[in-house]
1. Relative to the present Cα-Cα distance, how much length would full extension add between LYS411 and LYS71 at 0.36 nm per residue of separation?
2. Can you give me the relative contact order of the chain as a percent, contacts being Cα pairs under 8 Å and 6 or more apart?
3. Nearest 5 percent is fine: what portion of the DSSP beta bridges confined to the chain is antiparallel?
4. Using 32 Å as the Cα-Cα cut-off, could you pick out the over-long pairs in LYS219/LYS288; LYS4/LYS288; LYS167/LYS209; LYS115/LYS215; LYS4/LYS195?
5. Would you calculate the separation in nanometres between label points at LYS32 and ILE401, each defined as 7 Å from the Cα along the Cα-to-beta-carbon direction?
6. Quick one: order GLU120, GLU273 from most to least accessible surface, probe 1.4 Å.
7. Considering just Cα atoms, how many Å³ per residue does the convex hull of segment 108-247 enclose?
8. So what's segment 326-416 giving for Rg/Rh, alpha carbon basis, Kirkwood Rh from the mean inverse pair distance?
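The values are calculated or read from the model by the stated rules, or taken from the named source; none is laboratory data. Everything numeric here is computed off the predicted structure, so don't read it as measured data. Quick reminder, even Gly has a Cβ in these numbers, built from the backbone with ideal geometry, and neighbours come from all protein chains shown. For the accessible areas, the whole protein counts, side chains as well, though only heavy atoms, and no ligand, DNA or RNA atoms are used. Shrake-Rupley method; radii C 1.70, N 1.55, O 1.52, S 1.80 Å.
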Amino acid sequence: MFPKRLKGMLDILPRESELINFIITNFEKIVKLYGFSLIRTPILEHAELFYRSTGLTSDIVNKEMYTFYDKKERLLALRPEGTPGVIRAIIEGQLSLPQRVYYLGPMFRYERPQKGRLREHYQLGLEIVGEKSPYSDFELIKIGNHFFSEINLTDTLTLVNSIGCEKCRPKFREVFLTYLKDKENLLCLDCQERKEKNPLRIFDCKQEKCQRMIKESPKVKDFLCADCQNHFNKFLSYLENSNIKYKIDENLVRGLDYYTKTTFEFISESLGEKISIGGGGRYDNLMKELGGRDAPCVGFALGLERIYYALRENKNLNYLKENRKLMIIYDCEESFSEAENLADLLRKENIPCYLNPDLENLKRQLKIADKLDIKYVIIVGEKEREKGVYLLRDMISGEQIEIKKDEIINKLKKITNV
Ligand code: HAM
């Protein structure tokens, strides 16, 4: 049997790519308004980069990373997320700080495929490197919400929290471990292990029994040091003075090891709280830990497929400009060069069109046009050539009219909205 698509990986077919492109184009348009520039980094990195950033106690590195040895026995990984590669590139490229960068690309996580969880997914990400103000944290949330409103995704909510820093977290850890004492058996096996390595991870666990345990537990946000508390308060005051719909979620610790202070996630009601459409936070220590300058950082990434699903669920896609596709067909060898000239003329005028070079009878070509969902067909026929006209056929109504050659561009501009 011919090998099939890998589990958890998607083909984006032409009928889906219009909405996908709409999302990407608007993301780029909005983030450029806030001073972000594109950065592209490799999909393959040394696995160690992720061990030292995303972290050995994160599920992403622990269970989900695609790793392999290359021909020189180097341990490589398909990137499971974008942040570590971007920070590495900024260090290696010796970029001046501050920097605001955005990236687009595929990420790989060996997850158990289920609704909204893919093994290859595409992220739209932003990183601000070298800005410490809580306004930057807020501004990222503002950008996310600006983008959602631009693409008409109206049912979103932003969840926020603070998980403190290396100064305040040890105190929380102590209190949390005391709370967990004698309750170990009530945790899932994974969380029993997490308790030893990084108890904060227990807050990420999706198992119901662990969720029950943390419901009443102490929360990291109540143990913030003065610096983290001030940062959080200021961040919240910016949110309060905006019209962004947000909620504090004390259990939002995020599943990656590098976060400090602010954490946040975007959700869409149509997909539910468990499937975030994006998430991020501050990570003030990562750059230094990767050998760079001691620069505060904050960022987020959106899941393209999840945004796509959320928009589809919203069923509110009328605003998408209909792609009025055009096809040129011809009836004999002699008409082909005229059809080709016409196609080039249309392209010069930015009118997209498709000319199928295979000569078939007109009926068959119209059938092809129909299957391709073509809205208008221009027929370059022998008889019409003699009369100096083209035939323009509306594929939806079936109506067919003659148009003088020198009037074709103006007519098409009107009907194709270009
Ligand atoms: P993350 O929350 O792991 O954060 O991923 C960001 C987004 O990617 C998620 O909110 C979700 O929409 C999407 N996503 C993640 N895993 C999958 C999956 N298996 N299938 C489909 N979509 C998925 C990060 O990756 C951080 N690098 C974000 C960040 C940037 N933090 C600071 N800067």
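1. Values: separation 340, 0.36 × 340 = 122.40 nm, distance 5.95 nm.
Going from the current span to full extension adds 116.4 nm.
2. Values: 692 pairs, mean separation 61.8, N = 418.
Result for the chain is 15 percent.
3. Working: 50 of 62 bridges.
Just about 80 percent of them are antiparallel.
4. LYS4/LYS288; LYS4/LYS195
5. According to this spin-label approximation, the distance is 3.7 nm.
6. So, going from the largest accessible area down, we get GLU273, GLU120.
7. Taking only Cα atoms, segment 108-247 has a hull volume of 161 Å³ per residue.
8. Using Cα coordinates only, the ratio equals 0.91.
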